[in-house]
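Below: the structure, in structure tokens.
The values are calculated or read from the model by the stated rules, or taken from the named source; none is laboratory data. Treat the numbers as computed from the prediction; the structure is a model and nothing was measured. Quick reminder, even Gly has a Cβ in these numbers, built from the backbone with ideal geometry, and neighbours come from all protein chains shown. Please note that ligands, DNA and RNA were not included when accessible areas were found on the heavy atoms of the full protein model with its side chains. Shrake-Rupley method; radii C 1.70, N 1.55, O 1.52, S 1.80 Å.
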Amino acid sequence: QVQLVESGGRLVQPGGSLRLSCATSGDIFSINAIGWYRQAPGNERQLVVIYSTNGTTTYADFVKGRFTISRDNAKNTVYLQMNALEPSDTAVYFCNAKTHAGDVEHNWWGQGTQVTVSS
């Protein structure tokens, strides 16, 4: 059981920056990977970045060099720092955690936070 709560989404101008937060609780030590997805209206949910407990971090091509994932273990919180934002970044951003039981992967999701990039 993992609970995820996102916050920080808001309206921001193109070229601006924003930091999203994902507060984690529950059995957080069972998490194998944690990251961010996003979904724009009419589009499918897409991976933004994922950090695995083996130490690897994978970013989607459309955010490389602009977005950075980080964490504060003392606060059990994961962050997504977003710079040089573009209108195409407008979406609901979801925190995601992955756990495994045998060969079965389970995904845990936050409620989402809206990011709107517009002038």
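A few notes on this one:
- When the stretch 30-64 is filtered for residues that are within 13 Å of K98 (Cα to Cα) and part of a helix (DSSP H, G or I), only S30 remains.
- Matching residues in the stretch 66-119 - criterion: being open to solvent by 90 Å² or more (accessible area, probe 1.4 Å) and either in a helix (DSSP H, G or I) or among the small types (G, A, S) (or both): N73, A74, K75, S119
- Within the stretch 70-119, being under 13 Å from E6 (Cβ atoms) and β-branched (V, I, T) holds for T77, V78, V92, T113, V115.
- Restricting G26, G55, G42 to those that are among the small types (G, A, S) and in contact (Cβ under 8 Å) with a residue 12 or more places away in the chain reduces the list to G26.
- Scanning the stretch 17-63 for residues that are aliphatic (A, V, I, L, M) and open to solvent by 40 Å² or more (accessible area, probe 1.4 Å) yields a count of 2.
- Within the stretch 1-16, the set of residues being open to solvent by 60 Å² or more (accessible area, probe 1.4 Å), closer than 12 Å to S118 by Cα and not in a loop (DSSP other than H, G, I, E, B) comprises L11 only.
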